[in-house]
Amino acid sequence: MVAPPGHDRAAGPRPRAGRPGTPPLPYAPATAIAIPGLALEAPLTGLGRDRRGRLRTPPVEEARLAGWYEHGPAPGERGTAVIVGHRDTPTGPAVFLNLDDLDRGDEIEVVRADRRTAVFTVDAVRTFDKSRFPDTRVYGSRGRPELRLLTCGGTFHRERGYAANIVVFAHLTDVRPTAGVT
């Protein structure tokens with residue numbers, strides 16, 4: 001999986017938001033993610049790209065940490081924000097182990113540094129073979145605040161790792177004040 005193509009904060013004008021009543025938010029870094037349906041709460045770290053242009057992942061030693069691609073839109077901003085996490089590590093299960101258990105309509109909450117929580121509703125969960133990963137479909141903007149969660153999936157090969165990526169597609173449906181969350 002490569003990093004989001006042309007997915008930089010300095011990109012040109014932003015198109016109109018999708019759903020009335022939930023306008024895009026201004027930029028604010030993402031600090032934590034919660035997925036109530038999976039009983040998941042995790043801190044977020046900022047991520048960039050490696051030398052080959054691929055999206056970095058959180059440190060494998062920190063299995064409960066997810067990462068937000070901080071050079072793209074922040075969750076809640078117009079555009080497609082990206083959060084990644086490991087499915088498992090050599091020491092056991094990791095933060096996004098059960099990501100493929102999400103269903104259409106489930107909620108994802110992303111806590112932001114501005115003390116607001118961007119609430120996203122899942123549109124779809126898909127698995128894509130890494131050799132045919134649809135970059136534009138996953139990372140492309142649809143003109144509204146959207147979120148993609150990514151982890152590994154498919155068949156595991158000892159030498160090559162997982163053969164696929166699980167991708168959750170979601171869009172912004174609510175904004176709540178953050179209370180008592182780091």
State all residues of the stretch 66-107 that are in contact (Cβ under 8 Å) with a residue 60 or more places away in the chain, under 15 Å from Pro36 (Cβ atoms) and surrounded by fewer than 20 Cβ atoms within 10 Å (Cβ to Cβ); if no residue qualifies, say none. Asn98, Asp101, Asp103, Asp106, Glu107
Just one of Val122, Val167, Val110 is surrounded by 20 or more Cβ atoms within 10 Å (Cβ to Cβ), farther than 16 Å from Thr22 by Cβ and modelled with pLDDT of 90 or more; which is it? Val167
Residue among Phe156, Phe169 that is without any contact (Cβ under 8 Å) to a residue 40 or more places away in the chain and either within 27 Å of Ala28 (Cα to Cα) or outside any loop (DSSP other than H, G, I, E, B) (or both): Phe156
Taking the stretch 123-167 as the region of interest, how many residues are within 28 Å of Arg112 (Cα to Cα) and of a type in the set (Phe, Trp, Tyr)? 1
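The values are calculated or read from the model by the stated rules, or taken from the named source; none is laboratory data. The structure displayed is predicted, hence computed values, not measured ones. Here the Cβ is made from the backbone with ideal geometry for all residues, glycine too, and neighbour counts use every protein chain on show.
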